[in-house]
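Undergrad: My structure is below; once you've seen it, I'll send some questions.
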Amino acid sequence: MATLTVDRRSGNIAGYHIQWYEHKRRMSIYLSSRKFRRQTAERIKEVVETLLYYRNNGIVVPDRATANWLDGASETLRAKLAKVGLINVTKQRTCQELWEAYIKQKTNEVKPATLRIDCQWREVFFETFAPSEPVEKITSDGLLDWKAALLQKYKPATVASALKVIKALFNWAVRQDWLTKSPMNGIARGSFVNRDNDRIVSMEEYTKLLDACPNQEWRTIIALARIGGLRCPSELRQLRWEDVDWEQNRFVVRSPKTERHASHQKRIVPLFSELRAELEQHFLLDETKGNEFVIQGLQGTSWVLHNSFRDIADCAGLGKIVRPFDNMRMSRSNEVLRRWGEAKESLWIGHSKKVMKDHYFTLTDEDFSEAACGS
């Protein structure tokens, strides 16, 4: 058992000694009276006796009351208990160390674009939380306040994406035993759906865009996005001439976004007549002969398409089209859905029915006119 003795100096209480013997060796913890009152010292003595009992009897997990008390103990006191071997204290990790370790282990597991998104949200995270802040000090309340601040600056769908990254970060910390539980537990991410910038690119506008293109390669890019429904630039970048089956009127689309899912590495898409017309013209050009890729001119570049598309849209008299390639894909999704049904839309455009309904399907003026006429 442990004893508590008072350390008196010049008639005043300077501190307290908690002492006990282990293998004929006296062990001691000193508590300064400037930081610890007598009542606190007596409680610490009781905890020391409990920890000694557990250790001597091979009990790894202490009772809940003792565990809760230790969780609330100061770092100074925990260090004293650790020094005499009563508890184990792991080195406090900082937020900077957490992010560095998390990003490092993901480097070879995810695509560069995904890693860039994680790094972007890391910078936003550090605008509020200090890199030197111990990971254990990040609380759910603090993250809730951060979420509220983000919602003042970003759209809900963007904030949901940020919280998805942060949730994965702290879940990883728990798996690595850096934390016992994630501070993101119980914090709702919100919806990823944002339809504010949806815009149908009509076939009339598609024709105007083609007429405004500076060359056939750009006509093919726009045709593949608007008629083929390809994701740009990820699927566009990988399309090869060998993927085009002229005789069977179809072509193969490789999808980096869905390749991690079984049987979704690629899909077969019809060679729609409007698309075939542009591909044939492109294929017959002298400068195209011998090329491996359909869009050869952008191979080896950063595939920044939006600036050139903006100039084409201006030349076509259409003005600014927000998220043009997403909206051209969305426009084609709706056409395929109405003409050939959900099953073919899912297979040809390359996403689930749920994704189609959440992110692609939209009602048009024609839908309302048709419904009104049929009532």
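The values are calculated or read from the model by the stated rules, or taken from the named source; none is laboratory data. For clarity, every value in this text was computed on a predicted model and none was experimentally measured. Positions of Cβ are generated from backbone atoms using ideal geometry, with glycine treated the same way; all protein chains shown enter the neighbour counts.
Undergrad: Just to verify a result, which residue in segment 293-327, among those that are exposed (fewer than 13 other Cβ atoms within 10 Å of the Cβ) and of a type in the set (A, V, I, L, M), is farthest from Glu204 (Cα to Cα)?
TA: Val304
Undergrad: While we're on this one: Determine if segment 71-88 includes at least one residue that is closer than 20 Å to Glu46 by Cβ, exposed (fewer than 11 other Cβ atoms within 10 Å of the Cβ) and within 33 Å of the chain's Cα centre (by Cα).
TA: yes
Undergrad: For segment 123-171, name all the residues that are closer than 10 Å to Cys95 by Cβ and without any contact (Cβ under 8 Å) to a residue 24 or more places away in the chain.
TA: Lys137
Undergrad: Same structure, new question: Only residues in segment 50-75 that are closer than 15 Å to Thr180 by Cβ count as the first member; pair them with residues that are among the β-branched types (Val, Ile, Thr), Cβ under 7 angstrom, at least 6 apart or cross-chain, and list the lot.
TA: Pro62/Thr50; Leu70/Ile87
Undergrad: Restricting segment 205-226 to residues that are in a loop (DSSP other than H, G, I, E, B) and touching a residue at least 12 places away in the same chain (Cβ under 8 Å), which is surrounded by the fewest Cβ atoms within 10 Å (Cβ to Cβ)?
TA: Pro214
Undergrad: Return the residues of segment 35-55 that are surrounded by 15 or more Cβ atoms within 10 Å (Cβ to Cβ) and either β-branched (Val, Ile, Thr) or under 13 Å from Thr5 (Cα atoms) (or both); say none if nothing qualifies.
TA: Hits for segment 35-55 are Ala41, Ile44, Lys45, Val47, Val48, Thr50.
Undergrad: Mind counting the residues in segment 249-272 that are loosely packed, with under 12 Cβ neighbours inside 10 Å and at pLDDT 95 or above?
TA: 0
Undergrad: Quick check on segment 275-287. Is at least one of its residues modelled with pLDDT under 95, of a type in the set (S, T, N, Q) and assigned by TED's automatic domain parsing to the domain that holds Ile227?
TA: Checked segment 275-287: no residue is modelled with pLDDT under 95, of a type in the set (S, T, N, Q) and assigned by TED's automatic domain parsing to the domain that holds Ile227.
Undergrad: Would you check if Gly15 is over 28 Å from Glu133 (Cβ atoms) and part of a loop (DSSP other than H, G, I, E, B)?
TA: So Gly15 fails the test.
Undergrad: Of the residues Glu136, Glu109, Glu75, Glu100, which single one is more than 18 Å from Ala173 (Cα to Cα), out of contact with any strand residue (DSSP E or B) (no Cβ under 9 Å at 6 or more places or on another chain) and among the charged types (D, E, K, R)?
TA: On inspection, the qualifying residue turns out to be Glu75.
Undergrad: Name the helices (runs of 4 or more DSSP H) wholly within segment 70-163 that hold at least 3 residues that are polar (S, T, N, Q)? So that I can check it myself, show each step before the final result.
TA: On the way: elements: 75-83, 95-106, 112-125, 140-153.
Here the list is empty.
Undergrad: Considering only residues that are modelled with pLDDT of 85 or more and under 26 Å from Val304 (Cα atoms), look in segment 335-375 and name the one that is surrounded by the fewest Cβ atoms within 10 Å (Cβ to Cβ). Steps first, please.
TA: Taking segment 335-375 and keeping what is modelled with pLDDT of 85 or more, we get 335-349.
Checking which are under 26 Å from Val304 (Cα atoms) leaves us with 348-349.
On the way: Trp348: 20, Ile349: 24.
Result: Trp348.
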